[in-house]
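Step one of this worksheet: look at the structure below.
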Amino acid sequence: MKPDFFKLLKNDLELQKNSQIRESLIEVPALWDFTENSKSYIQFQAIDYYLKKINDIEILAKSSPLLFATDNWTDEAIIYNMLIRFTTAYHSLDIRTKSQDARIEKHFHSGTFLSAIAILPYLHKLGCNTIYLLPITEIGKYSAKGNLGSPYSIRDHYGIDSNLRDDRLNLTTDEQFAAFTQAAKMLGMKIVLEFVFRTSSLDNELAIDHPEWFYWIKDNVEIRKNSDNDSSKYGPPAFTTDELIEIKDKINNSDFNNLIAPNHQFQQMFTETPAYVEHCTNKLIGHCSDGTTCKIPPAFADWPPDDTQPPWSDVTYLKLHDHPDFNYIAYNTVRMYDQELLDEKNNQIDLWDYLSKVIPTYIEKFDIDGIMLDMGHALPHKLRENIISTAKASKPEFVFFEENFSLDRKSAIDGFSAVVGYMPFDNHIPYKVKEIIRMLENGDCPILFFGTPENHNTRRAAARAGGLQFSKVSFIINSFLPIITFIHSGFELGEKSPVNTGLGFEQEELAKFPAENLPLFSTASLDWTSSGDFPILISEVNSFKRNNLDFKYPLANANVKLIETGDSPVIVFFRKTKDSEKQLIILANLSSNAYHLNLDLGMKISPHEIHFSSDMYFGADTDLSDGSIELHCEPFSFIVLSFSDFNHKLN
C-alpha cells in the first residue's frame, strides 16, 4: 500500500504549528476562498492557512466529491489547465520595525505543490473535475530562456522540477507531488500531465551515458541568431524554391521515399557520436575518436522546411533513429521521416524503451490518470504505439490527449481520447463556430476536442475584441456544445497577457513579449483581482451541466442542432438535456456590434426558464408559445433557456 502523503503533509504542518518556530505571513488571493470581496488579497499565517485549506479539502471530500457518471470520463471532463509556478504564485510578508515606523516588505514566491493544494477547493468550486498540468519535469539550465527556463526544456523525464517543492515542508519533491495528486483525487478529480518525448534540454544527463541518443555538431560551429541567414552558421537548413515545391508536394501525397536532404554544407556541421562526454560549465562537450570536440545543437521548427522561426535555443531533438546517411536534424529525420529511416533496424530501441517506461513510472508513483502528448503526431508511429500500449497495460482506463489542432479520425485510431482542436483559433469567428456546430450536429466530428478560445501558446481570449465579455460568451457557447470544457488558467480572470507566443502572433507582437515577460519562461503571477463575476458564472454553468446534460457518447448522437441566422454573428443552437421533455436553446452574439434579430423556431418553447443571460433581451413581438423570437443582442451578449418541447425533437 502506498503511503498517505497527504496525511504526512498535514502532520508535518501540524508539527510546525505546535513548535516554537515563528510562522511567516503570506498574502494570497481572496478568490481562492471565493469570498464576497474577491477583488482583493488576504493575509494569513502560512501554516494556519495551509491547514485551513487541508481541512476544506477533507470536508469537501466527504460532502461533495466531483463524481464521474460514466466510465469514459473524458466525455464529462471539465479541465483546468495550469502552470503551477505561475498560477499558484503568492507573496510572503516581512514586517520590519525601526523606531516608531513599521513597514511590510513583500517577497514574491513562485507556486509550489503546496500552494497548488491550497487552490484545490477553488477549482472544486469552479466545477473543474480534471487538472491538466503543463510539464513538471526537471528543467534544463544551459541556454535556458528567461529567469526560470521553459518547462518544455526537459533535463530528466523521470525527475520532477525541484523548484516546485515547498521548502517549509520536510517532504521530498516527489512526496509533495504525491500529496497533491492524493488531495485532488480525494475531491474526485483526475490528474493529467503533459509530456514531451521528442525533445530534451541541451544539458540532459542522458547524453553522458548515451551520447548516441543525441545529435552532435562541431563545437566551433556558431549558432544563428534571429533573422541571421548566414549558411555557415547552424540553423534551419535552406532549400531552393524548386526543392521546397517538391518536398511539400511529396509530403502532401504521402510519398516519403527519397525525400530531399539538406545541402552538404549543413550536413558537414554534424559529427559522429562522441566517444565520451563531459561537463564544461553547465555545457556538455563531446570528444570524438578523431579528436574533434562537439556539442549538442539546438532544435528548430521542423515543418514546413521554410519556417522562419529562429533556432529554439533551449531544447534539442532526440535522435530516435540511427542511420549513417541521416546523421543530421531536418524535416526528414525528426518529423516527416524518410521511408528508409523508418526501417526497424534503425530504431534506437534502448531510447524507445526508456521513453515508453516514463508514463508507467508516473502511474505507479503518483496514480496519474492521463497525459497530453506534446507533438504526439510527430513521433514515429511505432514509438507512439509503444508509449500508448505500455501505459494502458499499467492502467487500462488511462487517457491520452493529443496536441493536434486538426480533427482527424487517425487520432482516435491511434488511441487518443481527445485533441486540442482549432477552437483557440476559431472561437471568435462566427461563421467558423457555426461550421463547428453543423459538424457536431451531423455527427461528422471524428474525435472529442477542447472547447476553449485560448491555451498557453495563443493570445488570451480577453485580449481579443470584447475583452472579458468575449471570454464569457465563448465559454457559454463551448459549455453547451458536446465537447470538452477547457479553462486555461487566467481565462476566468480576464487575464490579457499571454503565457507564451507560440501560435498566431504577428512579428511586431512578438517584440512586445520577450522571454523575460512570458510566464512560460520567467517569474510571473496572475492578477486575481480582475475577474468580476466570471468565476461565479463558470461555477454555476458547470454545476448546471453536471445536473442537466447527458455525457454518454457525445459524438455519437446529434444532441445539438444549429438554427441558421444567415450572415448574422448571432449563434443560436439547441442542446438536449437528460430530461427527454426538455431542451435548451443557447443564443450568443459573437460581435462587438449590437444586433436585432427575428427568429421563427417552428416550435413551441413554452413554458420556459431563463438560466443564464447577459445583455440580451426579448422584444415586444416575442411570442415564445409560437416559437417566434424578437431579440435585441448587445455586443457579446448571451442567453440560455430551457423549454418543454412536445412537437419537435432533435433526431
Query raised in the report: Going from most exposed to least, what order do His157, His611, His596 have by accessible area with a 1.4 Å probe?
Result: His596, His611, His157
Query raised in the report: Which angle between 0 and 90 degrees, to the nearest 10, do you get for helix 5-18 versus the longest principal axis of the chain when only C-alpha atoms count?
Result: 80 degrees
Report summary line: Partner lysines whose C-alpha sits under 22 Å from that of Lys141, ignoring same-chain residues fewer than 8 away, are Lys218, Lys225, Lys283, Lys295, Lys319
Report summary line: From DSSP H assignment alone, runs of 4+ in the chain each adding -39500 (n - 2.57), the sum over residues rounded to the nearest 500 puts [θ] at 222 nm at -7500 deg cm²/dmol
Query raised in the report: Can you list the lysines whose alpha carbon is less than 16 Å from that of Lys432, not counting same-chain residues fewer than 8 positions off?
Result: Lys561
Query raised in the report: With contacts defined as alpha carbon pairs under 8 Å and 6 or more residues apart, what's the relative contact order of the chain in percent?
Result: 12 percent
Query - Spin-label model distance (nm) - Asn11 vs Lys395, 7 Å beyond Cα toward Cβ - result: 2.5 nm
Report summary line: Between Ser591 and residues 5 or more places away or on another chain, the pairs with built amide H atoms under 5 Å apart involve Phe636, Ser637
Query raised in the report: Can you list the equivalent-ellipsoid semi-axes of region 225-326, largest first and in whole Å, using the square root of 5 times each Cα gyration tensor eigenvalue?
Result: 28, 17, 13
Report summary line: Rounded to 0.05, the calculated FRET efficiency for the beta carbons of Asp174 and Phe256 at R₀ = 41 Å is 0.50
Report summary line: For Lys190, other-chain or 5+-apart residues with amide H closer than 5 Å (H placed, Pro excluded) are Thr130, Ile131
Query raised in the report: How big is region 394-515 by the Kirkwood estimate over distinct Cα pairs, in Å?
Result: 15.3 Å
Query - Length-normalised contact order of region 381-488 in % [C-alpha pairs under 8 Å, at least 6 apart] - result: 22 percent
Query raised in the report: With r defined as the distance between the Cβ atoms of Lys141 and Asp527 and R0 fixed at 22 Å, what FRET efficiency is calculated, to the nearest 0.05?
Result: 0.15
Query raised in the report: How much length is gained on full extension from Ala69 to Lys2, taking 0.36 nm per residue of separation minus their Cα-Cα distance?
Result: 21.4 nm
Query raised in the report: Tell me, how many Å apart are the Cα centres for region 198-272 and for region 393-425?
Result: 29 Å
Report task. Using only Cα atoms, tell me the angle between helix 430-441 and the longest principal axis of the chain; keep it within 0 to 90° and round to the nearest 10. Result -> 80 degrees
Query raised in the report: If you stretched the chain out fully between His608 and Thr241, how much longer would it get, using 0.36 nm times the residue separation minus the C-alpha to C-alpha distance?
Result: 125.9 nm
Report task. Pull up the cross-link candidates among the aspartates and glutamates for Lys395, meaning alpha carbon to alpha carbon under 15 Å and not fewer than 8 places away within one chain. Result -> Asp71, Glu364, Asp367, Asp369
**Report entry** R0 of 45 Å, Cβ-Cβ distance Asp94-Arg438: FRET efficiency to nearest 0.05
**Finding:** 0.15
Requested in this report: Evaluate the charge dipole of the chain about its Cα centre and quote only its size in Debye, nearest 20, assuming +1 on the Cβ of each Lys and Arg and -1 on the Cβ of each Asp and Glu.
Outcome: 1500 debye
Query - Pairs beyond 25 Å (Cα-Cα), from Lys2/Lys382; Lys392/Lys576; Lys2/Lys392; Lys125/Lys434; Lys62/Lys545 - result: Lys2/Lys382; Lys392/Lys576; Lys125/Lys434
Report summary line: Phi-derived 3J(HN,Hα) across region 356-372 with the Karplus relation (6.51, -1.76, 1.60, θ = phi - 60°), rounded Hz, x for Gly and Pro, is 5, 8, 4, 5, x, 5, 5, 5, 5, 7, 10, 6, 5, 10, x, 9, 9
Report summary line: Relative to the chain, whose Cα atoms define the longest principal axis, helix 381-394 and its Cα axis are tilted in degrees, nearest 10, by 60 degrees
Query raised in the report: Pairs Lys7/Lys52; Lys106/Lys472; Lys345/Lys410; Lys53/Lys185: which exceed 24 Å Cα-Cα?
Result: Lys106/Lys472; Lys345/Lys410
Query raised in the report: For Asp203, which sequence-distant residues (separation of 5 or more, or a different chain) have an amide H within less than 5 Å of its own amide H, given hydrogens modelled in the peptide plane?
Result: Lys141, Tyr142
Report task. On the full set of protein chains, 1.4 Å probe, figure out the accessible area of Glu564 and give it in Å² to the nearest 10. Result -> 100 Å²
Query raised in the report: Stretch Glu634-Ile536 to full length: gain in nm at 0.36 nm per residue minus the Cα-Cα span?
Result: 33.1 nm
**Report entry** Value of relative contact order over region 57-160, rounded to a whole percent, pairs C-alpha under 8 Å and six or more apart
**Finding:** 27 percent
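The values are calculated or read from the model by the stated rules, or taken from the named source; none is laboratory data. Everything numeric here is computed off the predicted structure, so don't read it as measured data. Virtual Cβ from ideal backbone geometry, glycine too; neighbours counted across all protein chains shown. Only protein heavy atoms, including side chains, enter the accessible area calculation; ligands, DNA and RNA are left aside. Shrake-Rupley method; radii C 1.70, N 1.55, O 1.52, S 1.80 Å.
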